[in-house]
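A short worksheet on the structure shown next.
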Amino acid sequence: MLILHPHTLHLVSIIVTIAAAGVSLLTWYHHREGPGLRGWTLALVLSSVGTFLFTLRGPDTSFRMILAGDALFVAGFATMWMSMRRFNDPTMKPELMGVMIAAIVIVFAALFTVAWQVAPVARAQSVVFSLFVFMLALAAAWETWRGRRVDGLSSRPVAAVALAGIAVARLTRALLVLAQGMDMIEPSVSAISQSYALYFTTVCTLVVTFGLVLMANERFERQYAMSTERGRAAE
C-alpha cells in the first residue's frame, strides 16, 4: 500500500471540516430552536484550527505550539461530546458545558506535558493525545446512541456509528504510535496506516455532520407534526 500524502490529507481535512461547520450553522439558522448545532459548529472550527496548526509543525516547533494545536483539537472533540449531550438535554446550560470542556482541556494539557517530559523519544505525548480524542469520540457516540431511547430518532445511528468510527481510528493511531515507539513495527508501516486512518476520520466527520443535520430536521418535522395535530384537535 502507498502512503497518502500527509499535507494533502490535512488540507482536505481542514476544507471538509470547515464545510461541515458551515452546513451545521446553516441548519441552525433554519432551526433556531435546535440545541447543539451551534456547539457542533464551534467544535468543527476548533478541530480545523488544531489541524491547521499541526500542518505548521517542523523540526524546530516549540512545545507550546504543539500543545496549543493538540489542545484545540481536544477542545473540539470535547465540544462535540457536550453538543451531543445538549442535543439530548436542551436544558443543559452553556456555562456548564464551558466548565466541563475547560476541565477536560486542563487535564489533557497536564498529562500531555508529563508525557512529553517522561518519554519524548517514544512519543508518549502523541499516545496521550490520541487516547483523549478516542475517549471523547466514543463518549459522543454513546451519547448519540443513548438519546434514541428518549426521542427514537431513526437518523441517530448514522451519527453514532460515524463517531464510533472516529474513535476506532484514533485508538488505532495510538496503538501504532506506541508500537513504533517500542520498535515493534517499522516507521513506514506506521506512517502508511496513520495516513489511511486520517482519511477515514475525515470521511467519518462529514458523515457525523450529515447525521446531526438529519437528526435536527427529523426532530423539527416531528415537532411540527405534533403542533399541527394539536391545532386540528383544538378546532
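Every number in this text was worked out from the coordinates using simple rules, so none of it is lab data. Values in this document were obtained by computation on a predicted structure and should not be read as measured data. Cβ atoms come from the backbone with ideal geometry, glycine included; neighbour counts cover every protein chain shown.
Overview of results
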{"item": "Spherically averaged projected area of the chain from its Cα convex hull (nm²)", "result": "13.8 nm²"}
{"item": "Span from the the stretch 145-199 Cα centroid across to the the stretch 66-144 one, whole angstrom", "result": "15 Å"}
{"item": "Average projected area [Cα convex hull, the stretch 132-187], square nanometres", "result": "4.1 nm²"}
{"item": "C-alpha long axis of helix 156-181 to longest principal axis of the chain, angle in °", "result": "10 degrees"}
{"item": "Packing-based exposure ordering (other Cβ within 10 Å, fewest first) of R156, R64, R219", "result": "R64, R219, R156"}
{"item": "Choice from T41, T27, T209 with maximal GNM fluctuation in the chain (Cα, 10 Å cutoff)", "result": "T27"}
{"item": "Contour minus Cα-Cα distance for M100 and R123 (0.36 nm per residue)", "result": "5.6 nm"}
{"item": "Proxy reagent accessibility, fewest Cβ within 10 Å first, across F200, F112", "result": "F200, F112"}
{"item": "25 °C / 0.890 mPa s Stokes-Einstein diffusion coefficient of the stretch 158-210, Kirkwood radius on C-alpha pairs, µm²/s", "result": "214 µm²/s"}
{"item": "Highest average packing first - 158-170, 142-154, Cβ atoms within 10 Å", "result": "158-170, 142-154"}
